[in-house]
Amino acid sequence: MTNCSDCTMMDVTRRHFLSGMSMGVGAMALGALSRQGLAGVPGAVMPGPHHAPKAKRVIFLFQSGGPSQLDLFDHKPLLQQRNGEELPDSVRKGQRLTGMSGNQSSLPLAGAQFKFARHGRAGAWVSELMPHTAQIVDDLCFVRSMYTEAINHDPAITFFQTGSEIAGRPCMGSWVNYGLGSMNNDLPSFIVLVTANKGGQPLYSRLWGSGFLDSRHQGVQLRAGKDPVLYLTNPEGMSHHMRRDMLQALAKLNECQFDAVGDQSIRSRIAQYELASRMQLSVPEVSDLSDEPDETFELYGEDARTPGTYAANCLLARRLAQRDVRFIQLYHQGWDQHGSLPSAIRVQCKETDQASAALVTDLKRRGLLEDTLVVWGGEFGRTNYSQGALTANDYGRDHHPRCFTMWMAGAGVRPGFVYGDTDDFGYNITANPVHVHDLQATMLHLLGMDHERLTVHHMGRDFRLTDVHGHVVRDLLT
């Protein structure tokens with residue numbers, strides 16, 4: 001037994017402590033500490049910044065499922081001319097296919113059924129499906145030569161978020177939180193928003209988990225409805241003052257336990273409880289859109305009035321950026337169009353195009369775009385051939401990691417710029433390839449961090465987001 005002036009407690013292991021104390025207070029959703037809060041934690045390390053940053057914060061608009069670059073941004077007239085012809089072996093070069101189309105007797109080329117036009121100073125090609133995005137191309141930096149190694153959704157999304165296809169590593173937002181800390185003492189540094197009621201490939205909370213980093217670095221999901229953070233609201237009959245008294249008593253107990261076992265995670269958890277108390281006021285305020293004028297909803301679209309929609313989450317992302325949340329991750333499912341692509345992709349674009357463009361426009365007019373990095377894209381691209389039957393009005397596309405398109409805007413990124421190219425078939429990269437690790441390295445660089453120096457020693461070796469390679473793509477930067 002260990003005695004102190006306030007309590008008598010039995011020594012417990014870290015595992016017992018975490019399993020006993022982690023229930024109910026935000027359900028591990030209170031995953032961020034402010035820099036101010038960390039200052040009182042012995043042994044806390046803030047590794048960055050390593051150089052002057054261009055970006056203070058990131059908004060990552062992740063389009064889960066893999067948007068078809070060939071129907072949105074990578075215009076290939078040759079596919080339309082040779083629609084229905086077999087994919088030439090000289091183009092495929094024996095590259096692997098998924099099990100969904102690898103056994104097809106034929107791989108017929110499928111031209112996009114949508115009109116394309118050039119826009120902006122750089123003459124960027126944009127499909128008719130994205131009219132609002134087309135209006136802001138002079139603010140965007142298109143990367144048409146992205147590539148990845150994973151060919152299926154779960155490992156590909158995990159790779160994009162954590163730098164590894166194998167689950168268990170810290171995600172990008174957690175690395176940023178670990179490296180830079182928070183700019184807001186009353187909100188988490190890393191917040192996640194997921195479009196509600198969307199089908200498609202499943203999303204797991206480990207995608208915004210902290211892996212082997214301290215749990216304070218994991219993402220906090222804000223949900224639609226009256227309780228944006230689970231278990232944050234006081235139970236029936238408990239006042240805010242009662243909650244404060246409980247937290248103070250709990251802090252004393254935890255300090256006693258820290259004195260007994262010396263586990264630094266105990267003090268991290270104390271600070272998480274304190275953040276939870278502050279979030280009871282800050283979260284309802286930031287998630288209440290009633291103070292936004294009608295003009296704002298006209299900009300983002302009427303869907304923005306409905307909590308949990310992509311448009312509402314884009315508007316909420318702007319509000320979070322205004323309050324200096326460091327890393328804001330949006331997920332929108334439904335881009336996995338193996339069949340009925342022409343009709344399905346119209347729905348996806350209608351849900352996302354206006355709001356994505358509005359977010360960039362809104363940040364710019366408020367002076368926030370100059371130090372906010374906005375990123376749009378999915379885990380991989382889609383094939384130039386049809387999965388399943390190709391008809392006059394319908395086709396599907398399989399997964400294609402060899403090349404796809406993303407765009408960025410804001411802090412330190414070259415506006416009105418198109419980078420990289422693919423062959424006339426839209427199958428292989430022909431100029432300036434950009435690997436996922438290259439994009440991650442570039443994002444960290446804009447935030448003021450050297451991706452090779454942002455490391456954590458774990459299980460005998462140093463780990464980093466970009467694993468053992470990746471480089472900053474300086475051609476994308478101003």
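Inclusion of Glu165 among residues that are without any contact (Cβ under 8 Å) to a residue 40 or more places away in the chain, part of a loop (DSSP other than H, G, I, E, B) and on the phi < 0 side of the Ramachandran plot is warranted.
For the range 241-251, state whether one or more residues are touching a residue at least 40 places away in the same chain (Cβ under 8 Å) and in contact with a helix residue (DSSP H, G or I) (Cβ under 7 Å, 6 or more places away or on another chain). The answer is no; no qualifying residue exists. Counting only strands (runs of 3 or more DSSP E) that sit completely within the range 423-478, those holding 1 or more residues that are of a type in the set (Lys, Arg) correspond to 461-463. Scanning the range 138-146 finds one or more residues that are buried (at least 20 other Cβ atoms within 10 Å of the Cβ), touching a helix residue (DSSP H, G or I) at 6+ places or on another chain (Cβ under 8 Å) and among the basic types (Lys, Arg).
Of everything in the range 419-448 that is among the small types (Gly, Ala, Ser) and on the phi > 0 side of the Ramachandran plot, the residue that is surrounded by the most Cβ atoms within 10 Å (Cβ to Cβ) is Gly426. When Phe417, Phe380 are screened for being of a type in the set (Phe, Trp, Tyr) and touching a Leu at 6+ places or on another chain (Cβ under 8 Å), only Phe417 passes. Of the residues making up the range 263-274, those that are in a helix (DSSP H, G or I) and either over 23 Å from the mean Cα position of the chain (by Cα) or of a type in the set (Lys, Arg) (or both) are Gln264, Ser265, Ile266, Arg267, Ser268, Arg269, Ile270, Ala271, Tyr273, Glu274. Looking only at residues in the range 111-124 that are in contact with a Phe, Trp or Tyr (Cβ under 7 Å, 6 or more places away or on another chain) and buried (at least 16 other Cβ atoms within 10 Å of the Cβ), the one that is farthest from Asp74 (Cα to Cα) is Ala122. All of Ala276, Ala304 fail the test of being of a type in the set (Gly, Ala, Ser), out of contact with any Pro (no Cβ under 7 Å at 6 or more places or on another chain), crowded, with 16+ Cβ neighbours inside 10 Å and without any contact (Cβ under 8 Å) to a residue 60 or more places away in the chain, apart from Ala304.
Of the residues contained in the range 457-470, one or more are found to be out of contact with any strand residue (DSSP E or B) (no Cβ under 8 Å at 6 or more places or on another chain) and acidic (Asp, Glu). Scanning the range 424-440 for residues that are of a type outside the set (A, V, I, L, M, F, W, C), within 20 Å of Ala110 (Cβ to Cβ) and touching a Leu at 6+ places or on another chain (Cβ under 7 Å) turns up Asp424, Gly426. Taken over the range 169-182, the residue count meeting the criterion of being at pLDDT 95 or above and part of a loop (DSSP other than H, G, I, E, B) is 3.
State whether one or more residues within the range 292-299 are at pLDDT 95 or above, more than 30 Å from Thr391 (Cβ to Cβ) and within 19 Å of the chain's Cα centre (by Cα). Within the range 292-299 (the criterion being at pLDDT 95 or above, more than 30 Å from Thr391 (Cβ to Cβ) and within 19 Å of the chain's Cα centre (by Cα)), the answer is no, since none of the residues qualifies.
Inside the range 216-228, residues that are touching a residue at least 12 places away in the same chain (Cβ under 8 Å) and surrounded by fewer than 20 Cβ atoms within 10 Å (Cβ to Cβ) make up a count of 3.
Here is a yes/no grid of residues against (1) more than 25 Å from Ser182 (Cβ to Cβ); (2) in a helix (DSSP H, G or I); (3) of a type in the set (D, E, K, R):
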{"site": "Leu247", "(1), (2), (3)": "no, yes, no"}
{"site": "Ala251", "(1), (2), (3)": "no, yes, no"}
{"site": "Cys256", "(1), (2), (3)": "yes, yes, no"}
{"site": "Ala276", "(1), (2), (3)": "no, yes, no"}
{"site": "Glu295", "(1), (2), (3)": "yes, yes, yes"}
{"site": "Leu299", "(1), (2), (3)": "yes, yes, no"}
{"site": "Asp303", "(1), (2), (3)": "yes, yes, yes"}
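Please verify whether Pro170 is surrounded by 24 or more Cβ atoms within 10 Å (Cβ to Cβ) and out of contact with any strand residue (DSSP E or B) (no Cβ under 6 Å at 6 or more places or on another chain), treating the condition exactly as stated. Spelling it out, Pro170 is indeed surrounded by 24 or more Cβ atoms within 10 Å (Cβ to Cβ) and out of contact with any strand residue (DSSP E or B) (no Cβ under 6 Å at 6 or more places or on another chain). Residues to consider are Arg346, Arg323; find the one that is at pLDDT 95 or above, basic (Lys, Arg) and more than 19 Å from Thr372 (Cβ to Cβ). Among Arg346, Arg323, only Arg346 is at pLDDT 95 or above, basic (Lys, Arg) and more than 19 Å from Thr372 (Cβ to Cβ). Out of Ser127, Ser68, Ser101, one residue alone is among the hydroxyl-bearing types (Ser, Thr, Tyr) and surrounded by fewer than 23 Cβ atoms within 10 Å (Cβ to Cβ). It is Ser101. Within the range 222-243, the only residue that satisfies the criterion of being in a helix (DSSP H, G or I) and of a type in the set (A, V, I, L, M) is Met242. Per this entry, Asp424 is counted among residues that are among the acidic types (Asp, Glu) and touching a helix residue (DSSP H, G or I) at 6+ places or on another chain (Cβ under 6 Å).
The range 52-125 holds helices (runs of 4 or more DSSP H) entirely within its bounds, and those carrying 2 or more residues that are in contact (Cβ under 8 Å) with a residue 12 or more places away in the chain and touching a strand residue (DSSP E or B) at 6+ places or on another chain (Cβ under 9 Å) map to 69-72, 77-81.
The values are calculated or read from the model by the stated rules, or taken from the named source; none is laboratory data. Predicted, not measured: the structure shown is a model, and the values here were computed from it. So basically every Cβ, Gly included, is an ideal-geometry build from the backbone, and we count neighbours across all protein chains shown.
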